[in-house]
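The block underneath contains the structure these notes are about, expressed in structure tokens.
The values are calculated or read from the model by the stated rules, or taken from the named source; none is laboratory data. Keep in mind it's a predicted model, so treat the numbers as computed, not measured. For neighbour counting, all protein chains shown are included, and Cβ atoms are generated from backbone atoms with ideal geometry for every residue, glycine included. Surface accessibility is based on the protein's heavy atoms, side chains included, excluding ligands, DNA and RNA. Shrake-Rupley method; radii C 1.70, N 1.55, O 1.52, S 1.80 Å.
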Amino acid sequence: MLGCRTRGFSFTRALLGISTDELHLCGDVSSVPLIQGILKVTGDDFEVQYYERLSPLVPLNVPLRSFSDIQTGDCIVTFSRRQIYKLKRQIENGGKHLCSVVYGSLPPETRTRQATMFNDATSEFDVLVASDAIGMGLNLNISRIIFSTLKKFDGIEERDLTVPEIKQIAGRAGRFGSKFPDGEVTCMNVKDLPLLHSSLKSLSPVLERAGLFPTFDLLFMHSRFHPTKSLYQMLEHFVDNAKLSSNYFIADCEEMLKVAAIVDELPLGLHDKYLFVISPVDMNNDISSQGLIQFAQTYAKKGIVRLREIFTPGTLQVPKSHSALKELESIYQVLDLYVWLSFRLEDSFLDRELALSQRAICSMLIEGFLERGGWRQPMASSVPSRISSNSLLSQSNKQDL
């Protein structure tokens, strides 16, 4: 559900090569004209069904006065990892509430467990501090959404939240079927209230174009005519010269270009290079990006990538600082990347089960940090403070990872 309404599209023919008789696509009403335009070209039959929000969402006229006014079921929304933990600490220092946290770089399993603790009426964790990741498929019993700010850094600049973003986040309060039948939304700063109220009353701008990435088939055809071009050069040429209809635009390929520049230096075929280029890696994260580099280099050199070449016997610990927590989150991303590659290059990435088990340990240790709060004295917990493992990153490999 986006904002106060859900828009569902029911297709009676296969769409985009998906082998199915019917496909349901849900989204904001602003996407209807674009989807209709695309389907006229593909020749698919479609039916549009409109749904109203089943529970009220009330924008409040006053901001949150102080943290002493925080209530059970509240969700404070902010847009930086550092600010999430700062707000968690400030609220918990009041002695009345414990906070679950949800943000994008947490492992999915950890996000789910944090949401479960928040939803559990018998849990001590009765307040949620989160980023806009709360809109990513989590069912949450939220009574009131409180925006700490209506600005976010989008990777380029700090900007105001858009109307669809405000509606998406605000709409998480008072969801139909939750224990809070009515939802409320407000801000911490009184200056943000006019933008909040106007956004909730506004229609979302109509979506005019959909983003496209270059597929392998397109790049392969291009390579047949330009055999001396590197993958980076082909991607760059595609971005600069692709001619598209008015329904489409070329999506941001910056991450793909960063990876292409790396794998072009290796003796790999185009298909293998393309797999690394589209793999789930954050090239702005040093550990995650170095993990990809090491995997690609080992694959190009040996054809087999053993996880044990990266991990050596040692001991993993529940993080004791936020920098250690961030590092463990990054190690999780490297293990997740290995798992992703193992499903596509099964004969080369042979240690999927080991990677899955080590990924699960990372998630459990991160959960241990969150349960303890990081700054509080350790509480009784099902998560041990130390776990003997055969997978701790060696100091020498930490230099690479």
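Heavy-atom accessible area, probed at 1.4 angstrom with all protein chains present, ranks R89, R144, R81 as R89, R81, R144, highest first. Distance between the modelled labels on H237 and L39, one decimal in nanometres: 3.7 nm (7 Å Cα→Cβ projection). Partners of K191 within straight-line reach, counting lysines whose Cα lies under 28 Å from its Cα and excluding those fewer than 8 residues away in the same chain: K86, K88, K96, K151, K152, K167, K201.
Note on region 279-373: dipole from Cβ charges, positive end direction compared against Q294, S342, S321; the farthest Cα belongs to Q294.
Around the Cα centre of the chain, unit charges on the Cβ atoms of Lys, Arg, Asp and Glu (plus for the first two, minus for the last two) sum to a dipole of about 860 debye. Note on L218 and D154: with the Förster distance fixed at 30 Å, the Cβ-Cβ geometry gives a FRET efficiency of about 0.60.
Taking Cα centre as origin and charging only the Cβ of basic (Lys, Arg, +1) and acidic (Asp, Glu, -1) residues, the dipole magnitude of region 57-201 rounds to 120 debye. Most simply put, the chain has about 50% antiparallel DSSP beta bridges, counting only bridges with both residues inside it. Note on F46: accessible area approximately 80 square angstrom, rounded to 10, probe 1.4 Å, nucleic acids and ligands left out. Here region 279-373 is assigned +1 on the Cβ of each Lys and Arg and -1 on the Cβ of each Asp and Glu. Its dipole about the Cα centre then comes out at about 200 debye.
Summarising the strand pairing of region 112-203, around 40 percent of its internal DSSP beta bridges are antiparallel. Overall, the accessible surface of the chain at a probe of 1.4 angstrom is composed of carbon and sulfur to the extent of 53 percent.
Counted residue by residue at 0.36 nm each, then reduced by the alpha carbon distance between them, the extension gain from E346 to M136 reaches 72.7 nm.
Taking 0.36 nm per residue of separation and subtracting the Cα-Cα distance, full extension of the segment from R53 to N93 would add 10.8 nm. Remark: spin-label model distance E22-Q71 equals 4.1 nm, labels positioned 7 Å along the Cα→Cβ axis.
The 1.4 Å probe gives accessible areas that order I145, I262, I156, largest first, as I156, I262, I145. The lysines within cross-link reach of K302, meaning a Cα-to-Cα straight distance under 28 Å and a gap of 8 or more places when in the same chain, are K229, K258, K273, K398.
The aspartates and glutamates within cross-link reach of K40, meaning a Cα-to-Cα straight distance under 16 Å and a gap of 8 or more places when in the same chain, are E208. A 1.4 Å probe run over the chain, with the rest of the protein chains in place, finds 51 Å² accessible per residue. For the chain, excluding the exposed loop sites themselves (GluC sites (Glu not before Pro), DSSP loop, at most 16 other Cβ atoms within 10 Å), the longest remaining stretch covers 23-123. The modelled label-to-label distance between F249 and L270, using points 7 Å beyond Cα along the C-beta direction, is 2.8 nm. Here Kirkwood radius over Cα pairs in Å was computed from the coordinates, and among (1) 23.8; (2) 25.1; (3) 22.1 the match is (1).
Counting only protein heavy atoms and using a 1.4 Å probe, the accessible area of Y103 comes to about 10 Å². Ranking of D347, D44 by solvent-accessible surface, largest first: D347, D44 (1.4 Å probe, protein heavy atoms only, all chains present).
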